[in-house]
1. Given a Förster distance of 60 angstrom, what is the FRET efficiency for A:T59 paired with A:T22, based on the Cβ-Cβ distance and rounded to 0.05?
2. Suppose every K and R has +1 on its Cβ and every D and E has -1 on its Cβ; what is the size of the dipole of the protein assembly as shown about the Cα centre, in Debye to the nearest 20?
3. Show me the ranking of peptides B:3-11, A:260-268 by mean Cβ neighbours inside 10 Å, starting with the highest.
4. Check cross-link reach from A:K180 to the aspartates and glutamates: straight Cα distance under 20 Å, and skip same-chain residues fewer than eight apart.
5. Once you order the gyration tensor axes a ≥ b ≥ c over the Cα atoms, which shape class does region B:168-310 get: rounded for a/c under 1.5, otherwise prolate or oblate by comparing a/b with b/c?
6. Per residue of A:269-280, what is the mean number of Cβ atoms on other protein chains within 10 angstrom of that residue's Cβ?
7. Determine which lysines satisfy two conditions relative to B:K66: a Cα distance under 24 Å, and not lying fewer than 8 residues away in the same chain.
8. Using a Förster distance of 30 Å, how high is the FRET efficiency between A:R119 and A:F151, based on the Cβ-Cβ distance and rounded to 0.05?
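What follows draws every value from the coordinates through simple rules; no lab data is involved. None of these values were measured; they are calculated from a predicted model. Note that we place each Cβ from the backbone using ideal geometry, even for glycine, and neighbour counts take in every protein chain shown.
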Amino acid sequence: MTLATTPYRQRSPLYFAWRRFTANKAAVLSGLVLLVLILMAIAAPLISKTGYEDQAYLTQALAFPSSEFWFGVDDLGRDFFTRIVYGARVSLSIGFTAALFSVVIGVPLGAVAGYYGGRADWAVMRVIELFSVVPSLLAAMLLGALTGGGFLTIILIAALFGWVQVCLLVRAQVKSVREKEFVRAAQALGATPWYIIRRHLIANAVSPIIVGFVLAIPLAMMLEASLSFLGIGVAPPTPSWGQMINVGMNFMYFYWHMAVFPTAALAITVLATTLFGDGLRDALDPTMKGR
Amino acid sequence: MIPFILKRLASILLTFMTVSVIVFLMMHAVPGGPFDGNDMPVSKEVRDKLMASLGLDQPLYVQYFKYMWGVFHFDFGVPFQSPGETVVELLARAWPPSLILGGLGVLIGASLGILLGITAALRRNSWIDYLASAFATLGLTIPVFVISMMLILVFAVWLGWLPAKGWGKPNSWILPITAYAMIPMATYARYTRSAMLDVLNKPFVTVLRAKGLSERRIIFQHVLRNAALPMVTVFLPMFIGTATGSIFVESMFRVPGLGAYFVSAINLRDYPLEMALILMITMMFCVAYLLTDIAYAMLNPRIRFAGNTR
């Protein structure tokens, strides 16, 4: 086998993407931070002393951070570190699930709009236009009031506002691939549109789909935090950072830990996810860099 | 251009009417009515009379057409939560604080962002470039209430330099304006940097340099003008998004602006005010996008309007 011994080795596109990704220090660091956050969220019962709603330290309510209570104790006598860690569970699970739903809605719509063009495209674009002119937070608040909030509804609301971006990314990619020769060839060989979309167009749109998925996560987390901050998101006692920031606001002049830790947790998580997504986008599709 | 604008106006009308129907239905589908609150319980007869006097006992479609008829005559009804004035009067009273703070925030933020973006593009990979990217990422990713919280904690609580809330004195404006300025600044730093870099790499810039034009004239007369195109497109929508007030910034800094009414209109089932707020912002966004498209076409003659659907 002379072929294998030649010095030239063929590298897969994934290899180059990986090299580009690891060259981006901010993205790698964010990836690590995100990994730690996910592990913390999964292992929450192991690393926290009490349950998230156990008022185990009522006599020490509002105690400042110490070696015993890393992040202090909240106003209702709950260990604040436990609350923050469980908050990561809520935030991350809502972010990931909502992003998944966004992809589930956005990919088929984007593919259909991009492939068929014409009336289908017009219809999808009008719907997207609706979403671009309606103040999204107001609409989300109205939906929250309508449904009474709660874990699942927040996910659905976030997906409802998150699919647009995924849809546009997929639509653009499908539109450009649709004109390629291999799609023409598949059409000539009698492939059905459904087969072409599934087999060729969506397969070629995997990078934008991954990017759209990752970038939809921080948006969903931010929406959840905003709604919970306003009191129409995840209902207490389920810990949510947005909700904790709202409570912390009332205490911040004297008990700074009540405001600082949830604020920092939310900022770090959203930042890490966004930078990770940006790095992934630059790595998977260098032509999109900096947009 | 005229047929394009007419077509867009028709499309705006369609969007507007769709939004109005959806929002109207959603609003009335929220359980409870304006007089079901616990703080002022009224007997059933009184409530029925109140509902009848406001026309809330009629079928939904009648209410909808009545309201929209008013809207087209610039009559948005009377807000249930303060029946002494009309919705238009309430907006005229509550909007100025939001408009001043948000407008100043956008103007200051956008100018700083453009400066930051230009410097970053000219000194690529220097510390200022990294600073600009850091600012842009932070401003675009961190929710505005987190930014507000950090500002309050640092400048009002720890350093004690500035008041955390209020509206009266000018020094209480500084923190909310800073909070408002973050997103425009981040957006503009990012857009300006990438637009500048795009243009700087064009062959005509090399030609200008080869012909010996001074760097200053190249940047200000040629590069900036060409880079302005993408910068124009984001301004109006951003201005509207910010200058209609932020629920978060205003509630955290206790600004008596429009923001608080977004929440109270929904919570108190104040249907006329809720509809008015959503329709007004929707309309402004529609017009902003149209104006942006027109401005874009005037600045870039290469764009043609024949049947383009973005």
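1. Details: r = 50 Å, r/R0 = 0.84.
Computed FRET efficiency for A:T59 and A:T22 comes out at 0.75.
2. The dipole magnitude comes to about 2900 debye.
3. Working: B:3-11: 13.2, A:260-268: 22.3.
Ranking the peptides B:3-11, A:260-268 by packing returns A:260-268, B:3-11.
4. List returned: A:D121, A:D285.
5. Oblate, because a/c is 1.5 or more while a/b does not exceed b/c.
6. Average per residue, whole number: 2.
7. Qualifying lysines at Cα under 24 Å: B:K49.
8. Details: r = 38 Å, r/R0 = 1.25.
Result of the calculation: an efficiency of 0.20.
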